[in-house]
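Accompanying notes for the structure given below.
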């Protein structure tokens with residue numbers, strides 16, 4: 001695999017400011033970034049008059065462009081595809097930033113001149129995906145100045161966006177990269193009923209958060225139930241009880257539904273006006289668009305399905321109540337996060353197509369976190385049509401998601417749940433991608449998907465496993481054997497002289 005040029009490598013080392021905006025191109029010389037969504041462009045083409053006003057879906061679109069890469073064949077490894085398949089003596093071909101072929105090494109035919117990596121004795125998986133992270137919003141080094149994850153000013157702060165707090169120089173990103181993490185969702189904190197919008201990132205060095213944003217990924221809405229909101233706001237005007245929490249959600253959804261309808265009514269009136277052939281009608285001024293409200297825009301987006309709902313919720317009974325509320329207002333919960341008691345209502349989650357993002361064994365740090373079992377994830381997995389995810393919620397845990405999944409897998413096997421590495425790898429790859437709505441692009445090793453790939457020195461579910469090489473869109477961004485391949489942030493400059501090799505904690 002050809003290394004980055006000297007200029008590009010220097011950019012990586014100096015302050016992680018290697019965002020490729022307008023610079024890198026694909027191997028064939030063409031820009032490889034998907035075109036940013038221009039809000040309303042597709043819809044406006046169908047309108048009687050394209051002058052209709054619409055709130056922008058994404059006023060800060062992704063400027064991410066993949067790093068240039070050469071074709072490479074990883075061969076001879078044990079391959080876990082994330083689709084439930086294990087291939088012993090397998091091979092994966094990366095070409096033009098995509099996965100070109102996956103299969104048995106002996107049957108693989110590759111283009112002439114392709115670089116080859118002999119991965120005998122090693123394991124290959126999709127890039128790890130963390131669905132619940134606060135990297136960038138609670139960065140390292142941690143100071144009051146950089147602590148920007150919770151807007152603790154109102155029970156409803158749906159108007160804030162996590163991306164506007166993300167500090168791209170957080171050294172946690174490079175630590176996570178060294179642990180095989182290629183994509184992550186950064187969420188606001190859980191102090192509020194409605195915490196704000198999340199953002200999905202590619203784990204690449206960049207000067208700007210837009211340079212990290214996963215192209216085309218939907219936004220998420222962070223909500224929280226239970227102890228946190230009532231503890232934070234009990235002495236600040238409420239809510240101070242769980243019934244107060246639910247009253248707050250419902251009042252906000254009622255307001256959001258009315259806001260959504262006002263825009264739908266406006267659009268219908270505008271289209272009728274624009275399509276009218278009545279001269280008197282055409283002489284009238286076009287209907288006025290409603291006033292924009294950033295808070296209600298986010299909630300209306302969740303009601304319409306454009307924004308995915310991520311619900312911090314511990315107790316089983318509250319999860320079921322939230323499901324009932326979602327049916328009352330016509331939105332869908334994508335994922336319950338933390339979900340300490342998911343095992344008690346795993347059938348409810350499966351029946352409603354809701355994922356549970358869980359820790360392997362965190363518990364007891366507050367009362368609502370008390371009644372879990374180590375078999376939680378395995379018991380969710382055991383349900384037909386289930387969606388079990390292992391998440392971090394931690395700058396340390398994100399460095400060991402493979403080990404966290406291993407703990408959960410082991411706990412399940414001890415009670416007779418037949419879960420193997422080829423299944424459990426989906427808990428940190430395919431399933432979070434599904435819940436985040438990016439599974440058509442990443443999360444599994446399948447032809448045509450992003451070449452987000454990890455080579456492990458052994459079974460990734462071993463306590464001794466380490467990520468040796470990490471590819472993002474086919475570009476080798478981390479190589480444990482080559483420190484110059486490992487991006488560093490400003491705070492780490494000069495650490496090579498002190499023995500730093502990248503990926504602390506690994």
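FYI, it's all coordinate maths here, none of it is from the lab. Remember, it's a predicted structure, so these values are computed and weren't measured experimentally. A quick note on method: Cβ atoms are made from the backbone with ideal geometry, for glycine too, and the neighbour counts reach across all protein chains shown.
Cut-off is 10 Å between beta-carbons; in what order do 466, 400 appear when sorted fewest neighbours first? Walk me through the intermediate numbers first.
Details: 466 16, 400 19.
Lowest to highest Cβ neighbour count: 466, 400.
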Per 10 Å bin, what is the whole-percent P(r) computed from every C-alpha pair distance within the range 354-506?
-> 10, 34, 34, 17, 4, 0
May I ask for the angle, rounded to the nearest 10°, between helix 316-329 and the longest principal axis of the chain, with both axes built from Cα atoms and the value confined to 0 to 90°?
-> 50
Over the Cα atoms of the range 94-240, how large are the radius of gyration and the largest Cα-Cα distance (Dmax), in Å?
-> 20.1, 69
Residue 247-residue 101 FRET efficiency (beta carbon distance; Förster radius 51 Å; 0.05 resolution) | 0.40
Where does the chain land at 222 nm, in deg cm²/dmol rounded to the nearest 500, when only DSSP H runs of n ≥ 4 count, each adding -39500 (n - 2.57), divided by all residues?
-> -7500 deg cm²/dmol
Quick one: if you stick a label point 7 Å off each Cα along the C-beta vector at residue 329 and residue 264, how many nm between them?
-> 1.5
Does the range 397-484 classify as rounded, prolate or oblate by the C-alpha gyration tensor (a ≥ b ≥ c root eigenvalues; a/c under 1.5 gives rounded; else a/b over b/c gives prolate, otherwise oblate)?
-> oblate
With Rg from the Cα atoms and Rh as the Kirkwood inverse mean 1/r over Cα pairs, the range 297-394 has an Rg/Rh of 0.97
For the range 187-230, the Cα-Cα pair-distance distribution in 5 Å bins from 0, as whole percents, is 5, 23, 20, 17, 14, 12, 7, 2
If a/c stays under 1.5 just call it rounded; otherwise compare a/b with b/c (prolate if a/b is bigger, oblate if not). Do that for the range 244-286, with a ≥ b ≥ c from the square roots of the Cα gyration tensor eigenvalues.
-> prolate
How far is helix 401-414 tilted, in degrees, relative to the longest principal axis of the Cα atoms in the chain, given as a value from 0 to 90 rounded to the nearest 10?
-> 90
Rounded to the nearest Å, what's the spacing between the alpha carbon centres of the range 259-334 and the range 76-131? Just the number, please.
-> 44
The range 90-139: spread of alpha-carbon positions along the three principal axes, whole Å, largest first, is 46, 25, 15
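Report the FRET efficiency, 1/(1 + (r/R0)^6), for residue 347 and residue 447, where r is their Cβ-Cβ distance and R0 is 35 Å, rounded to 0.05.
Computed FRET efficiency for residue 347 and residue 447 comes out at 0.50.
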In nm, to one decimal, how far is the residue 285 label point from the residue 234 one, both placed 7 Å along Cα→Cβ?
-> 5.2
Which translational diffusion coefficient, to the nearest whole µm²/s, is obtained for the chain from the Stokes-Einstein equation, given a Kirkwood hydrodynamic radius over C-alpha pairs, 4 °C and 1.567 mPa s?
-> 54
At a Förster distance of 51 Å, what's the computed FRET efficiency of residue 115 paired with residue 363, Cβ-Cβ distance as r, to 0.05?
-> 0.65
To the nearest 10 degrees, how steeply does helix 294-304 sit against the main Cα axis of the chain, on a 0 to 90 scale?
-> 80
Give the percent of DSSP beta bridges with both residues in the chain that are antiparallel, rounded to the nearest 5.
-> 55
If you take the square roots of the eigenvalues of the alpha-carbon gyration tensor of the range 207-264 and sort them as a ≥ b ≥ c, do you get rounded (a/c under 1.5), prolate (a/b over b/c) or oblate?
-> oblate
Using alpha-carbon pairs under 8 Å, 6+ residues apart, how would you state the relative contact order of the range 207-350 in percent?
-> 27
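Sort 146, 114, 174, 429 so the one with the fewest other Cβ atoms within 10 Å of its own Cβ comes first. Can you show the working numbers first?
Working: 146 17, 114 14, 174 24, 429 32.
Listing 146, 114, 174, 429 from fewest to most nearby Cβ atoms yields 114, 146, 174, 429.
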Stretch residue 373-residue 484 to full length: gain in nm at 0.36 nm per residue minus the Cα-Cα span?
-> 35.7 nm
Averaging sequence separations of C-alpha pairs under 8 Å and six or more residues apart, then dividing by the length of the chain, give the relative contact order as a whole percent.
-> 20
Largest first and to the nearest Å, give the Cα extent of the range 53-137 along each principal axis.
-> 57, 30, 24
Taking a crude spin-label model, label points 7 Å out from Cα along the C-beta direction, the residue 142 to residue 108 distance in nm is 4.1
Descending semi-axes in whole angstrom, ellipsoid equivalent of the range 269-312, from the Cα gyration tensor | 35, 12, 4
Apply the Kirkwood formula to the range 160-226: the hydrodynamic radius equals the inverse of the mean of 1/r over all pairs of different alpha-carbon atoms; give it in Å with one decimal.
-> 12.5
Distances over 25 Å make up what percent of all Cα-Cα pairs in the range 203-335?
-> 46
